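Okay, structure first, notes after.
The values are calculated or read from the model by the stated rules, or taken from the named source; none is laboratory data. Please read these numbers as outputs of a predicted model, since none were measured by experiment. Methodologically, a virtual Cβ is constructed for each residue, glycine included, from the backbone with ideal geometry; neighbour enumeration extends over all protein chains shown.
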Number of protein chains: 2
Amino acid sequence: MLVSGGLDSATVLAIAKSDGYLPHALTFDYGQRHNIELQAAKAVCASMDLPEPKLIRLDLRAVGGSALTDDIDVPKDEPDRPGIPVTYVPARNTLFLSYALAYAEVAGAHDIFIGVNAVDYSGYPDCRPEFVAAFERLANLATREGVEGRPIHIHAPLIELTKAEIIRRGSALGVDYALTHSCYDPVDGKACGRCDSCRLRRKGFEAAGVPDPTVYTE
Amino acid sequence: MLVSGGLDSATVLAIAKSDGYLPHALTFDYGQRHNIELQAAKAVCASMDLPEPKLIRLDLRAVGGSALTDDIDVPKDEPDRPGIPVTYVPARNTLFLSYALAYAEVAGAHDIFIGVNAVDYSGYPDCRPEFVAAFERLANLATREGVEGRPIHIHAPLIELTKAEIIRRGSALGVDYALTHSCYDPVDGKACGRCDSCRLRRKGFEAAGVPDPTVYTE
């Protein structure tokens, strides 16, 4: 399971656990400007009595091209920009799923979970249902397990849910959202409250009617 | 273009260059036991007046599961083993192509070249035409360029060629195969002559009627 330390992947961990899986978390250090994500991923796994996430380092800075890894300003207070946002990281979910596939193949696992969803999509091409389906197809052509007839499934249980639905689902499963981190541009460990990710999170808690445990700077 | 320092990717570089492309080589340090591959990749690019390969480090040892990255013995003198060989690296070409996709997207490139072929396949699931086609489909769903209607093509010009045909093609294009490296288990920088990769290479030169410049230890 791909785990970022954010709200969505924490919810997916809880869903998979309640469905009877024993999730093995993979988390990535890809030169993010906020190492706080990695700490959140560890705290979320610990809170669910799961093993510590396996950390894979990959240097997306060598590839470049995103406000999340380069020195591009994260946009604030701009809800209606058209097209793909500058915070899009090239081929990120393709890379993450490729590592998960390699790890699954070695571990003998047939189920890979990812927390992408339609709301987080907001212009990211690699968060769409057709992307997930295409990766599952690739996985079954690319691997020993797929070739030998033991298919690999890519699970994206949040893909059709709104942020509010995700939060309600996770709350019902006991997810402690205070441990999760969403902000693209935190200051002194606190969420900015203004980037796309903070805006989505805030509105999600409001719409869900669930108290938001996040400490925002404004 | 994915470049390993081997015979196949050297040939692909020459083909792409003769077709009018300006190849940008990507090479990977994935905890191989033989760093010599990386030196060969540099020498091959220099011999064709191409820029030095861009090196991406990825730790497949963290994932494990292959004789090429783990402490498993490389098989020798065993031409007829059935199934997928132990030298198969889990999801390797999926990972390599994912990085190439990220780099292409940032660079504004629409053509990715990979030197897989049917002979090298010999049981590797991620060297088959259907794998390449599935990755191309994924690439056009995963990226800004694909979504916005400027399709990405995955070129695998060797995929239907025998090793002898590859060598003849490359020789005609002036590839200096003495610079390339194929052996899975080199000793003091020399090819062992007995692993699967050496056996294929040797037989390829013989069948092509081209002198083999490789120095084998036996």
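Right, residue B:111: under 17 Å from the mean Cα position of the chain (by Cα), at pLDDT 60 or above, within 24 Å of residue A:93 (Cβ to Cβ) and not aromatic (Phe, Trp, Tyr) or not? Full working, then the answer.
Numbers: under 17 Å from the mean Cα position of the chain (by Cα): yes; at pLDDT 60 or above: yes; within 24 Å of residue A:93 (Cβ to Cβ): yes; not aromatic (Phe, Trp, Tyr): yes.
Yes; evaluated as a whole, the condition is true for this residue.
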I'm checking my understanding of the structure. Among residues of region B:102-124 that are facing another protein chain (nearest Cβ under 8 Å) and out of contact with any Ser or Thr (no Cβ under 6 Å at 6 or more places or on another chain), which one is farthest from residue B:56 (Cα to Cα)?
B:106
Residue list for region A:180-216, restricted to those being crowded, with 16+ Cβ neighbours inside 10 Å and among the charged types (D, E, K, R):
A:185, A:194, A:196, A:199, A:201, A:202, A:203, A:212
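Restricting attention to region A:24-41, report how many residues are assigned to a helix (DSSP H, G or I) and either aromatic (Phe, Trp, Tyr) or modelled with pLDDT under 80 (or both). I'd like the intermediate steps shown before the answer.
Applying the first criterion (assigned to a helix (DSSP H, G or I)) to region A:24-41 yields A:36-41.
From the residues that got through so far, the ones that are either aromatic (Phe, Trp, Tyr) or modelled with pLDDT under 80 (or both) too are none.
The number of residues fulfilling the criteria is 0.
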Looking at A:116, A:132, A:63, A:44, which one is modelled with pLDDT under 75 and either more than 20 Å from residue A:155 (Cα to Cα) or not hydroxyl-bearing (Ser, Thr, Tyr) (or both)?
A:63
Can you tell me which residue is nearest to residue A:93 (Cα to Cα) among those in region B:140-155 that are in a helix (DSSP H, G or I) and more than 8 Å from every other protein chain (Cβ to nearest Cβ)?
B:140
Among the numbered conditions (1) crowded, with 21+ Cβ neighbours inside 10 Å; (2) part of a helix (DSSP H, G or I); (3) at pLDDT 95 or above, tell me where residue B:169 comes up short.
(1)
Residue B:78 passes all but one of the listed conditions (1) more than 14 Å from chain A (Cβ to nearest Cβ); (2) modelled with pLDDT under 90; (3) on the phi > 0 side of the Ramachandran plot; the exception is number (3)
Name the residues in region A:88-108 that are farther than 16 Å from residue A:155 by Cβ, at pLDDT 90 or above and within 14 Å of the chain's Cα centre (by Cα), would you?
A:94, A:95
